[in-house]
Every structure is written in structure tokens, then in C-alpha cells.
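See below for the structure under consideration.
The values are calculated or read from the model by the stated rules, or taken from the named source; none is laboratory data. Since the structure is predicted, the reported quantities are computational estimates derived from the model, not experimental observations. Glycine gets a Cβ as well: all are built from the backbone with ideal geometry, and neighbour counts include every protein chain shown. All accessible areas refer to the heavy atoms of the entire protein, side chains included, with ligands and DNA or RNA removed. Shrake-Rupley method; radii C 1.70, N 1.55, O 1.52, S 1.80 Å.
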Amino acid sequence: MRLSTKHANQQSVMLQDFTGGLNVSCTENLIADNELSEVVNMEIDSNSKLLRTVQGTNTLYTTTEYTFKSAAFDILNSALILFTEDNKILATKTKDFSEVKEVGTLTGDGEVITAMWEDGLLIASGGKLQYAKGTENVETIETSPQHCNGVYIRSGRVLVFDNTDQVLFSGVGDETNWTQNTNDPSASLFAQIGYKVGGHIIGMVNMSKDILFIKSNGMVFRLENEYPDWRISELGRNIFCKGTASYCNIINNVLIMSDISLQSIQTTQEYGDMKPTNIGSKVASKIANLPSNTKLRYVPPLNQVWCIGENGYVLVLDCNTSAFFQRKFNSVIVDVLSINNDVYVIKEKTVCKLNADSFYDDNEPLRFKVQMKTHMANYEYLVKRITLCVTLFKYEHSYNSHFLVGNICIPLPRMYSSYLFDNTRPIVDNYEPIEHLRDIYVDTSDKLEDSYESLYELEYDKKDIQTLETLRRTRRVVYRTPEVRISGAGIGEPFILNYIQADVVEV
């Protein structure tokens, strides 16, 4: 008798490439195979290019007296400068947070912008310009303009802009010289950005060898060359900026976030000009939900741009793949800094540092959630086998992480320890248990792997795994469904998703 050909069209579907990132512009069955309709606390691993849980944090400093609103790093003095809601300025050496002292008070209530200058940092906050030098007391430059809303350094001059459309230049090499003299080219200067077009300047950012000025009327201007040969020209219109910190520079690109879009301005080969492009169309609804005080921060060690929202929410742009992901911290985040290849997260009451081996924040586990593309059949799908393969970073005492294929639940493969002739061995799936083992910390569904390599020692308590380990869980099923919907959720367990595979046939 011939075998039935009913399942001759069986196919094995493997999902492992998610470099398309988040896409909420259409329904989950219309997105691309490498896109996600929902993703929280997962991102693309920079080495393997696979989907992984985000890095957790280690708390370095906690305060009850102050509430932070932003921060800056003085690279020349290796000092972390913290700014509080009541406009206090705090400073500390990053090697040791044992002494965090108050070094001054901001002169304004606006967004804090800093720029590296000579022996420290220049600080603009809407009032007089200020000068911070490590953990010394902050100096107020009394001769500076009355309203300094931003600060930038160019050709030995300090640039600030006021509440109108004027950019003011200090004298060459002197941050205290703001006196204009038409007979002295090294004296203070000024330039009007967008003559008679209305609006005021809300941002100033470098773009290659030029400076871009973002105005409140949706116009962006560029300043080229040096005085007296400089040229101010219009770059584009309808490029609105959500807030006074909703822009950032990424090497030779500039990002500007509006209420519904994220514009990327980059140099092109077309007449050597610059071209704005909306790269946020897939996450327009997420951008619309961000507050008006959203900060855009480039994080070089991760090659990501963080769009810092409310209540610990961060919309993340991965610059390697141009894809979006989402973070959700356990408490409010106000700023992020890169210090000596480490990423420091500034919260309202704490200073934290990212930890690649952790999936905890504020000593509480983080939660991840992911929703992949839904495949819909003309008739029905028959799912026959499901395989989940992950790489574990660290053992965590949690049993809540799992993936769902339709209504079939696939728990994350577990790793436990047992004694075997004074050695330790991991316990995972896919092998039959050895009956003579004793003190095996495992339930009846777990099996013993036949590798004798010690991953961690068990001395009446579980400790960290010493090396990474790839584990796989396979489940044979008979499951009929008109659509295959794949999702995952969990808490506290850092891992890389190598792939999730399903043997399906349309019947």
C-alpha cells in the first residue's frame, strides 16, 4: 500500500532573523517575517545579530535628598556632573561615588546643554553661561549673554543662542569676551538665523563640518564656512522638533523627532547637499505617544539612539540595523551617558550602570515581551513539532519565561545542577534521566545532558554560570489552527533567542 501524501507539503519554518525590529504601522499578519508587532526589553545582539534580552543594571549611587533631571560627563576631569530638579549642580568622580558634593546652582530653568571647553564643561540652561571643572565649584561667566539656551564650540569660539533667532559668538579663545568690535575680527560676533521668517531657535547641533539650527516654525538652517566667509542657508521646512532636547548627532547624521516622525538628515552625493528622510514611519504611533520633553541620546557602546519617554519607557533605534525596539525600566529614567565604554543610566533617585549578564533593574527582575509575525492559512495549519533554541547567560531562579505557538506553551529550557562523583553537570532537555543520580534539582520533565563540563558549582546554593550554554527544547504536538501566532514573555532571565522552529503543513 502506498504511503499517504496528505502531508507531502510539510515545511519547516525557522524564525531567527528579527533585524526588521518593531513595526506597528500595520497588523501583525502583514508585517515582514523579520519584523515584530510588539517587543519590550529585547534587542538585536551586536555580535550574533540575534534577538536577545536587554542588559540589566547595577545601582552605583542612590539619594533621597535630590531628584535628578539630567547629567553630563566631564571627560577632561573624569567627573560625573548631575543636575537636579531644583537646579542644583552635583559632581563626583566616576571611580568612586563615596563623595557626591554640591558645586553650584544653574542660572536658568531650561534644558541643560553642555560642551567640552579647555579645562572642563560649559553649561547652558537658559540663563548666564557657566563653567564646570570637575568637582570644583561651578563658575558663572557674568559677561556672557543674559539668555544662553544652548552652547557649542567652533573654531575656538563659544556659540550660544538666545530666545529669538540670534546666535552669539564669543571672542576667539576667550569664553568671557562677548563684546562686539567691527574693527577686530577676533572679537565677539552675532548672526541672525532665518531673517524675517519668524520663529525662534530651539536647537543647535553639528552636522559634518556645518552647524544646523532648528527653529520652532519647522525650518532648519545650516551655517557653512567661517567668518567672514560664512553662509547661512535654508536646509528644509516642515521639520518640526518635538522638544528642546528631541534631536541628536550620530557621527555625520542628525536625528530630529517631531510629534509623529523621526527625520534623519545626512549628507548625500546629490550636489554635496543634505537630505532629510523620515525613518520612523513604522513606529509613528509610538513616537506620537512620547512626551514633549523627550530626550534623544546617542549611546556609542551600543550604537543605539535612546528616545527617553515617561515612567521608564525608552524607544530604541538600533543604528546597525535601522530598526526600533523598546525598553521598560522599573523606575523613571531621565538621562543616559557613555563613560569609558560603559553605559550609565541616570534615574530620578539613582545612578546605574548597564550589566550585560543581568536582567534585573533596581534589584527587581525585568520583564520581556515579544510578538512575531502571524501566519494565516487558507484552510488550516497542522503544527507537528516545535523547537525552541536559546543561549543562556546566567541561571536565574525563575520559571515564568516561555514562548507560545498558538495555544502550545514552550517553556524556556532550564539549567540546573546535580552532584555526580563530586562533579557538577547541567540538566537540560532531550536525554533520558539516569536513575542512580541523587539530589537532582529537577522536575520530571527535565532530562540530564551527557556533557561533563562544569558550568557552575553548587554549594547548597546556586551561583552564576561560568560560560554561555546553548540549550534546546523540542515538543511534538498535533495542533490544528487557522493561524500560527508566535509570541514570548518572561521575567528575570537573560538569554539569546537562537531560533524557534515549527514543522507545519497546510491541511
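A few points about this structure:
- Taking chymotrypsin sites (Phe, Trp or Tyr not before Pro) across the stretch 58-116, the ones in a DSSP loop with at most 15 further Cβ atoms lying within 10 angstrom of their Cβ are Phe97.
- Amide H to amide H, with H built 1.01 Å from N, Val336 comes under 5 Å of Ile346, counting only residues 5 or more places away or on other chains.
- Accessible surface comparison of Trp230, Trp306, probe 1.4 Å, protein chains only, largest first: the order is Trp230, Trp306.
- Shape call, the stretch 53-92: gyration tensor on alpha carbons, a/c limit 1.5: oblate
- Rounded to the nearest Hz, the phi-derived 3J(HN,Hα) couplings of the stretch 325-331 under the Karplus curve 6.51 cos²θ - 1.76 cosθ + 1.60 (θ = phi - 60°) are 9, 10, 10, 9, 7, 7, 8, where x marks glycine and proline.
- In order along the stretch 45-57, phi translates into HN-Hα couplings of 5, 5, 8, 8, 6, 9, 6, 9, 5, 6, 6, x, 10 Hz, rounded to whole numbers, per the Karplus curve 6.51 cos²θ - 1.76 cosθ + 1.60 with θ = phi - 60° and x for Gly and Pro.
- Estimated FRET transfer efficiency when R0 is 41 angstrom, pair Glu38-Tyr227 (beta carbons, to 0.05): 0.20
- Fraction in percent of alpha-carbon pairs per bin - 10 Å, the chain: 4, 17, 23, 21, 16, 10, 6, 3, 1, 0, 0
- The trypsin sites (Lys or Arg not before Pro) found in the stretch 73-116 that occupy coil by DSSP, while having at most 14 further C-beta atoms within 10 Å, are Lys95.
- Amide H to amide H, with H built 1.01 Å from N, Asp362 comes under 5 Å of Thr57, counting only residues 5 or more places away or on other chains.
- Rough spin-label spacing in nm, given labels placed 7 Å along Cα→Cβ, for Thr179 and Asp86: 3.9
- For Leu129, distant residues with modelled amide H under 5 Å away: Ile141, Ser144
- Heavy-atom accessible surface of Ser264, to the nearest 10 Å², is about 10 Å², with a 1.4 Å probe and all protein chains retained.
- The figure for Tyr313 is an accessible area of roughly 50 square angstrom, using a 1.4 Å probe on the protein chains alone.
- Largest to smallest accessible area among Thr62, Thr176 [probe 1.4 Å]: Thr62, Thr176
- Accessible surface, 1.4 Å probe, highest first, among residues Tyr360, Tyr379: Tyr379, Tyr360
- 3J(HN,Hα) along the stretch 165-178, derived from phi through the Karplus expression 6.51 cos²θ - 1.76 cosθ + 1.60 where θ = phi - 60°, amounts to 10, 9, 10, 10, 10, 6, x, 4, x, 9, 6, 9, 9, 10 Hz, with x in place of Gly and Pro.
- Here is the list for the stretch 75-135: GluC sites (Glu not before Pro) lying in DSSP coil, each with at most 15 other C-beta atoms within 10 angstrom of its C-beta, are Glu85, Glu99, Glu118.
- Rounded if a/c under 1.5, otherwise prolate or oblate - the stretch 22-130, Cα gyration tensor axes: prolate
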